[in-house]
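Asker: This is the structure, below, for whatever I ask next.
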Amino acid sequence: MSPSFLKISNLSVAYEQVYALRDFSCNVEEGRITALVGSNGAGKTTFLRTLSGLLEAKQGVIEFDNADITYLPSHKRVEAGLTMVPEGRLIFPDFTVEQNLKIGAVSKRALGQVEDSLENSYKIFPKLDQRRHQLGGTLSGGEQQMLALARGMMACPRLLMLDEPTLGLAPLISDAIFEMVVHLKQIGITILIVEQDVNRTLQIADNAYVLENGVSIMEGTAREILTDPKVRESYMGI
Amino acid sequence: MDSLLSPQLLAAAMITGVLYALISLGLNLVYGTMRLLNVAHGDLVMIGAYVAFIAFSLLNIGPLVSMFGAALICGFLGWLSYKCVFQRLLSNGQLLSRLEENSLLLFFALSVIIQNLAILFFSADRRGYEYLSAIVEIGDVRLTGARLTVLIVGAVISAAVVFFLRFSLFGLAMNALIQNRDASAIVGINVDRVQMSSLIFGFGITGLAGALISMMEPISPVMGFPYTMSAFVIIILGGLGNLWGGFLAGLLLGVLEVYGVALTGPEWRSVLVYGIFVLILIFRPQGLLGSGKTAR
Ligand SMILES: Nc1ncnc2c1ncn2[C@@H]1O[C@H](COP(=O)(O)OP(=O)(O)O)[C@@H](O)[C@H]1O
Ligand SMILES: [Mg+2]
């Protein structure tokens, strides 16, 4: 296991001239769940969007598997095995469930096994199987999140980045999503997760970073962060 | 009244409809994938028509061959404008947000330049050539060989294009890009390449349609503008960025125009087309079929 699976060094990102992320460094270890927590507007989404190539870094270096990917276009990152399940899901509303899944396997690394992946998705998410010919835009919030997750899996990722996967979902469905994340780790996929449910996220995570106003204020094992009195007070209301 | 039900008129409506469907599909692809308002779109029809005219009168090459040349030349223009202008604008977030307005001005200028160049080279005269002008009779329908050929070739190419967009992975990627740019990037679509291909493809099929038109009608440097207008009416009718809706709306406008003109007279053509345009904008701005919202 290489310690520098995904390594971010001194990353800064800005909208126009306003910095949303400053001098942030972090390590995502292979095979682990790394959590990123912090209040609204802390810069978590900005970070994930930069990792997937939707935003450009102002400064800093992103290395994946020892290759510098800081300025690589998005599709090449997917090609390398880096996939994001974005905040707000961003599924394709005018595509059927099946088309949404198929387009998830558009990159070369995934295209060869698209039929297997499809079958696998339907096995993991029987709900999607029932609705394979329904338009994405007509699914419920929970179903859309399942679809976004399944679409991400279609790319055969080595690292899956999840941005608030349980936001706005009923507790029962959130449970299913957290179980799914643990399952993904068990089948060997590295996870980087951003979540507002700090408590539950830290319980399933291995390592964690706390972000505040675009700056990292704490890092450590998830257990350390979970038991930190300041974190408990600020993010869990305990 | 029975002339309105004549197969003759139906054939005319289908010819116009198929050509409109092709031309507006080109415009819709370019708008849908990049939000470029190409008001020079009809000038591509003109360029395609002149390619066919020159090929026929100077090189003795028939339009059924030169239409592919027209497609290539217009496709090349698409590639050129992508490489010279749009690639840079589309890859910069700040410029991207103003691209729709800017593209309108840019293409307007381009349209003026193209038309003036065409007048300079070919004069403003209307031109044409004789090709398959003998009358063919099929049942009750009498039409020139050229028009029959346009109908058949136009229908085959339309079917091929629709099939490609619907069932190929590349068509799926284009459709994805039309729906959401960020989502397309994160699933691994090479957005840059799909954008470039849409411009090449959209310009190309429009040039091809222009070559077909030159078989039936006299051509001139300013022939493009009515096609620009019709194409915009069609893609708004079908829902901006909705390829399938636009295609059907193209057929529909062809029928409305041909039947409308048959009922009134050719001088009413623009009143009809612009009238439909205004009515849609008032009563169904999201288009007849579209749910309307295309996410950026
Ligand atoms: N498109 C944008 N333009 C300008 N500022 C933005 C944009 N998106 C986010 N921001 C700002 O960047 C900061 C970080 O936002 P974000 O990364 O979305 O935080 P989080 O995901 O942690 O809630 C916030 O102050 C937010 O207002
Ligand atoms: Mg966020």
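The values are calculated or read from the model by the stated rules, or taken from the named source; none is laboratory data. Remember, predicted model here, so these are calculated numbers, not experimental data. Glycine also receives a Cβ, built like all others from the backbone with ideal geometry; neighbour counts cover every protein chain displayed. Side chains are part of the model used for accessible areas, which takes the heavy atoms of the whole protein and leaves out ligands, DNA and RNA. Shrake-Rupley method; radii C 1.70, N 1.55, O 1.52, S 1.80 Å.
Asker: What are the residues in the stretch A:160-192 that are within 16 Å of ligand 1 (Cβ to nearest atom) and open to solvent by 50 Å² or more (accessible area, probe 1.4 Å), if any?
Answerer: A:Leu167, A:Gly168, listed by residue number.
Asker: For B:Val51, which of the numbered conditions (1) open to solvent by 50 Å² or more (accessible area, probe 1.4 Å); (2) of a type in the set (Val, Ile, Thr); (3) assigned to a helix (DSSP H, G or I) fails to hold?
Answerer: (1)
Asker: Which of the numbered conditions does B:Leu77 fail, given that it passes all the others? Conditions: (1) farther than 15 Å from B:Val51 by Cα; (2) assigned to a helix (DSSP H, G or I); (3) among the aliphatic types (A, V, I, L, M).
Answerer: Of everything listed in (1) farther than 15 Å from B:Val51 by Cα; (2) assigned to a helix (DSSP H, G or I); (3) among the aliphatic types (A, V, I, L, M), B:Leu77 misses just condition (1).
Asker: So, in the stretch A:93-128, of the ones that are assigned to a loop (DSSP other than H, G, I, E, B) and under 20 Å from A:Leu184 (Cβ atoms), which residue ends up farthest from the other protein chains (Cβ to nearest Cβ)?
Answerer: Across the stretch A:93-128, the extreme among qualifying residues is A:Phe125.
Asker: Cβ contacts < 8 Å: first residue facing chain A (nearest Cβ under 7 Å) and in contact (Cβ under 8 Å) with a residue 24 or more places away in the chain, restricted to the stretch B:185-204; second residue buried (at least 22 other Cβ atoms within 10 Å of the Cβ) and not in a helix (DSSP H, G or I), any location; separation 6+ or different chain. Result?
Answerer: As it stands, the answer is none, since no pair meets every condition given.
Asker: Within the bounds of the stretch B:117-127, is there any residue that is of a type in the set (Phe, Trp, Tyr), open to solvent by less than 60 Å² (accessible area, probe 1.4 Å) and modelled with pLDDT of 90 or more?
Answerer: Yes; the residues of the stretch B:117-127 include at least one that is of a type in the set (Phe, Trp, Tyr), open to solvent by less than 60 Å² (accessible area, probe 1.4 Å) and modelled with pLDDT of 90 or more.
Asker: Given the conditions (1) farther than 16 Å from A:Glu87 by Cα; (2) near ligand 1 (Cβ under 8 Å from one of its atoms); (3) open to solvent by less than 10 Å² (accessible area, probe 1.4 Å); (4) not β-branched (Val, Ile, Thr), which single one is not true for A:Tyr15?
Answerer: Here A:Tyr15 clears every test but (3).
Asker: Quick one: A:Leu54 ticks every box in (1) of a type outside the set (Asp, Glu); (2) outside any strand (DSSP E or B); (3) away from ligand 2 (no atom under 14 Å from the Cβ) except a single one, so which number is it?
Answerer: (3)
Asker: Among the residues of the stretch A:160-194, write down those that are within 14 Å of chain B (Cβ to nearest Cβ) and away from ligand 2 (no atom under 16 Å from the Cβ).
Answerer: A:Leu160 - this is the single residue of the stretch A:160-194 that is within 14 Å of chain B (Cβ to nearest Cβ) and away from ligand 2 (no atom under 16 Å from the Cβ).
Asker: Please determine whether any residue of the stretch A:82-92 is over 18 Å from the mean Cα position of the chain (by Cα) and more than 9 Å from chain B (Cβ to nearest Cβ).
Answerer: Taking every residue of the stretch A:82-92 in turn, none turns out to be over 18 Å from the mean Cα position of the chain (by Cα) and more than 9 Å from chain B (Cβ to nearest Cβ).
Asker: Scan the stretch A:69-77 and tell me whether some residue there is open to solvent by less than 30 Å² (accessible area, probe 1.4 Å), farther than 28 Å from A:Ser25 by Cβ and more than 14 Å from chain B (Cβ to nearest Cβ).
Answerer: There is no residue in the stretch A:69-77 that is open to solvent by less than 30 Å² (accessible area, probe 1.4 Å), farther than 28 Å from A:Ser25 by Cβ and more than 14 Å from chain B (Cβ to nearest Cβ).
Asker: Restricting the stretch A:20-47 to residues that are more than 16 Å from ligand 2 (Cβ to nearest atom) and over 21 Å from A:Asp228 (Cβ atoms), which is least open to solvent (accessible area, probe 1.4 Å)?
Answerer: A:Gly31
Asker: Every residue in the stretch A:37-58 that is within 14 Å of another protein chain (Cβ to nearest Cβ) and among the hydroxyl-bearing types (Ser, Thr, Tyr), please.
Answerer: Correct list: A:Thr45, A:Thr46, A:Thr50, A:Ser52.
Asker: Can I ask one more? So, A:Glu195, is that one within 16 Å of ligand 1 (Cβ to nearest atom), of a type outside the set (S, T, N, Q), modelled with pLDDT under 95 and under 15 Å from the mean Cα position of the chain (by Cα) or not?
Answerer: yes
Asker: Confirm whether A:Pro157 is within 25 Å of A:Thr34 (Cα to Cα), assigned to a loop (DSSP other than H, G, I, E, B), away from chain B (no Cβ under 13 Å) and open to solvent by less than 40 Å² (accessible area, probe 1.4 Å).
Answerer: No: the conditions fail for A:Pro157.
Asker: Within the stretch B:220-235, count every residue that is surrounded by fewer than 24 Cβ atoms within 10 Å (Cβ to Cβ) and β-branched (Val, Ile, Thr).
Answerer: Matching residues across the stretch B:220-235 total 2.
Asker: In addition: Look at A:Met218 and say whether it is assigned by TED's automatic domain parsing to the domain that holds A:Gly43 and either within 16 Å of ligand 1 (Cβ to nearest atom) or under 21 Å from A:Ser25 (Cβ atoms) (or both).
Answerer: For A:Met218, the condition - assigned by TED's automatic domain parsing to the domain that holds A:Gly43 and either within 16 Å of ligand 1 (Cβ to nearest atom) or under 21 Å from A:Ser25 (Cβ atoms) (or both) - is met.
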